[in-house]
Amino acid sequence: MSRRRVHPLLRRGLPVATVVAWCTAFALTHVPAEKLPHLGTGDAALHAIGYFVLAGLLWATLAVRGVWPPRRATLVICVMIVYAALDEATQTLPALRRAASMADWLADVGGAVAAVGIGEGAIALALRRRRKR
């Protein structure tokens with residue numbers, strides 16, 4: 001995406017939304033276990049959805065800033081892999097009474113990869129349609 005074609009409000013707003021979402025997610029994933037509400041959905045689904053949103057916002061922020069697509073995709077996936085591992089590791093702190101899980105980490109990474117794949121696929125499709133005109 002070229003900077004010229006992106007509305008300035010979107011270019012400024014996406015980084016803010018990304019930081020707010022990331023801070024909110026960090027806070028929510030570090031609430032002690034006994035204070036967590038039961039949401040009636042599977043834990044893996046919540047992990048995948050949460051990381052889909054975080055990765056999607058980070059990907060969109062980089063996209064509107066014109067970051068080269070292969071670098072953008074690689075950066076987002078690598079950041080999300082590391083963050084998911086740190087997130088799971090810090091949940092083992094005794095005060096939180098929570099546990100790390102490889103299944104949760106895989107759901108986190110799966111959500112992030114899905115967000116990047118959908119974003120990159122949508123741009124590739126849009127560019128292909130534009131070239132056909």
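Data table
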| read-out | value |
| --- | --- |
| Filter result (without any contact (Cβ under 8 Å) to a residue 60 or more places away in the chain and within 17 Å of the chain's Cα centre (by Cα)) within segment 78-97 | 78, 79, 80, 81, 82, 83, 84, 85, 86, 88 |
| Filtered residues of segment 31-45 (kept if under 22 Å from residue 109 (Cβ atoms), modelled with pLDDT under 75 and either touching a Ser or Thr at 6+ places or on another chain (Cβ under 9 Å) or loosely packed, with under 10 Cβ neighbours inside 10 Å (or both)) | 39, 41 |
| Residue within segment 41-63 that is over 12 Å from the mean Cα position of the chain (by Cα), in contact (Cβ under 8 Å) with a residue 40 or more places away in the chain and over 20 Å from residue 102 (Cβ atoms) present | yes |
| Residue 19 β-branched (Val, Ile, Thr), at pLDDT 95 or above and surrounded by fewer than 18 Cβ atoms within 10 Å (Cβ to Cβ) | yes |
| Conditions (1) surrounded by 12 or more Cβ atoms within 10 Å (Cβ to Cβ); (2) part of a helix (DSSP H, G or I); (3) over 13 Å from the mean Cα position of the chain (by Cα): number failed by residue 100 | (2) |
| Of all residues in segment 46-83 being among the small types (Gly, Ala, Ser) and closer than 16 Å to residue 122 by Cα, the one that is surrounded by the most Cβ atoms within 10 Å (Cβ to Cβ) | 55 |
| Residue in segment 51-74 that is of a type in the set (A, V, I, L, M, F, W, C), farther than 18 Å from residue 113 by Cβ and part of a helix (DSSP H, G or I) present | yes |
| Subset of segment 103-133 that is farther than 18 Å from residue 68 by Cβ and of a type in the set (Asp, Glu) - its residue that is surrounded by the fewest Cβ atoms within 10 Å (Cβ to Cβ) | 104 |
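The values are calculated or read from the model by the stated rules, or taken from the named source; none is laboratory data. Just so we're clear, the structure is a prediction, and the values are computed from it rather than from any experiment. Glycine also receives a Cβ, built like all others from the backbone with ideal geometry; neighbour counts cover every protein chain displayed.
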